[in-house]
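Notes to accompany the following structure.
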Amino acid sequence: MNDKRKLPPPLPPGSVIGMLGGGQLGRMSALAAATLGYRVHVFCPEKDAPAVQVTNRHTQAAYDDKEALAEFAEAVDVVTFEFENVPAATAKVLAAHRPVRPGPEVLHICQNRLREKDFLRGIGVPTTRFAEVSGPDALTRVVRDIGRPCVLKTAEMGYDGKGQVMIRAQTDLAQAWSEMAGGAEEAQGIVEAFVDFRLEISVIVARGQDGAVQAYVPVENQHVNHILDQTIVPARISEKAAVKAEAIARHTAEEIGLVGLLAIEMFVTADDEILVNELAPRPHNSGHWSLDACITSQFEQHIRAVAGLPLGSTDRLCDAVMKNLIGDEVERWRAILGDPASKLHLYGKAEARPGRKMGHFTRLIQKG
Ligand code: AMP
């Protein structure tokens with residue numbers, strides 16, 4: 001890593017970055033890429049997706065369409081993604097043609113909560129106690145061992161609290177299992193000891209091709225109905241906890257061999273212990289504030305890392321509060337525009353369904 005001569009050269013302006021996924025994270029990454037002089041080619045099955053609206057290259061195909069994937073890979077210089085549930089076979093097809101950043105091994109770990117927690121345990125990063133469960137009988141055993149309350153989650157494809165069941169004193173385990181499995185005959189689950197956390201934080205960290213690492217300040221995340229509602233910057237935690245959180249993030253990025261961006265969600269307990277909950281190898285909702293309050297936004301940092309550019313400064317220009325606009329909340333856009341301290345970002349989604357992230361705004365809090 002220290003021998004810079006062995007590194008591939010950075011992508012020159014005008015190069016094409018291939019983006020798997022067309023949501024708002026892809027949209028904001030594509031806008032950052034354009035600022036740096038790159039073109040972005042989006043691969044996603046939807047027609048008028050948020051990222052597609054801001055680029056002029058789009059492959060509209062299913063993620064398992066191998067022919068379309070191979071053609072897409074030939075048309076771009078590097079491949080990245082804005083969601084981690086890219087099928088393993090898809091990443092493999094792409095990696096045969098072009099560099100995929102972060103790499104398929106990072107995806108592999110982050111796609112499964114058990115692999116993720118095993119990995120974290122293996123590198124000495126603290127998590128809550130957990131165990132694998134593969135059926136209702138195993139669930140009875142594991143819950144007896146871990147104790148109630150605990151949380152049953154699907155090992156794969158869960159997000160925003162989906163595929164997650166809280167197991168309390170009276171919870172019927174057979175019912176909990178079928179709720180988690182969503183009617184599927186076979187399912188892999190994870191049981192986690194319930195963490196009585198004081199607050200939830202996240203740290204977003206970037207690692208470049210040269211091994212340089214840059215972290216953003218730990219931020220505090222407040223959820224409503226399992227969906228991120230607000231991010232408070234910086235997190236209201238002790239200096240000691242902040243230092244510990246950043247050290248965990250840097251260590252994880254190095255050990256996983258990251259080239260790109262990694263968001264690390266953590267619990268902070270009453271006695272300042274930090275337990276990692278989840279990893280996401282992409283830009284993250286809790287980093288949106290960086291668009292308006294940092295020298296380098298998480299989206300620009302993502303593109304810099306993927307393109308082999310030097311990472312930018314993560315220095316914070318001011319404190320901030322980011323609020324998601326979920327469903328009907330998007331109607332507030334006019335009032336938000338009237339607030340001189342707020343910056344509005346809308347994602348171009350036509351229909352404001354309940355629970356759908358339509359946009360966000362960041363209120364900047366000037367120091368002093
Ligand atoms: P996740 O899908 O793992 O990000 O979980 C969604 C939310 O559920 C988290 O942000 C927490 O608020 C809560 N949660 C998840 N796991 C646990 C746990 N082991 N103990 C307590 N709360 C949890």
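The values are calculated or read from the model by the stated rules, or taken from the named source; none is laboratory data. Keep in mind it's a predicted model, so treat the numbers as computed, not measured. Reconstructed Cβ throughout: ideal geometry from the backbone, glycine too, with neighbour counts over all protein chains shown. Ligands, DNA and RNA are excluded from the accessible area calculation, which covers all protein heavy atoms including side chains. Shrake-Rupley method; radii C 1.70, N 1.55, O 1.52, S 1.80 Å.
The one condition from (1) open to solvent by less than 20 Å² (accessible area, probe 1.4 Å); (2) within 15 Å of the ligand (Cβ to nearest atom); (3) not assigned by TED's automatic domain parsing to the domain that holds I326 that A181 does not meet is (2). When F299 is tested against (1) within 16 Å of the ligand (Cβ to nearest atom); (2) part of a helix (DSSP H, G or I), just one condition goes unmet, and that condition is (1).
Would you say R168 is basic (K, R) and open to solvent by less than 60 Å² (accessible area, probe 1.4 Å)? For R168, the condition - basic (K, R) and open to solvent by less than 60 Å² (accessible area, probe 1.4 Å) - is not met. Considering (1) of a type in the set (A, V, I, L, M); (2) part of a strand (DSSP E or B); (3) without any contact (Cβ under 8 Å) to a residue 60 or more places away in the chain, the lone condition that A70 does not fulfil carries the number (2). Among the criteria (1) touching a Gly at 6+ places or on another chain (Cβ under 7 Å); (2) open to solvent by 10 Å² or more (accessible area, probe 1.4 Å); (3) small (G, A, S), the one A51 does not fulfil is (2).
Restricting region 253-269 to residues that are within 16 Å of the ligand (Cβ to nearest atom) and of a type outside the set (G, A, S), the residue that is farthest from the chain's Cα centre (by Cα) is T269.
A residue that is open to solvent by 50 Å² or more (accessible area, probe 1.4 Å), among the polar types (S, T, N, Q) and outside the structural domain of T314 (by TED's automatic domain parsing) occurs somewhere in region 187-204. Only residues that are in contact with a helix residue (DSSP H, G or I) (Cβ under 7 Å, 6 or more places away or on another chain), assigned to a loop (DSSP other than H, G, I, E, B) and open to solvent by less than 10 Å² (accessible area, probe 1.4 Å) were counted across region 266-289, and they come to 2.
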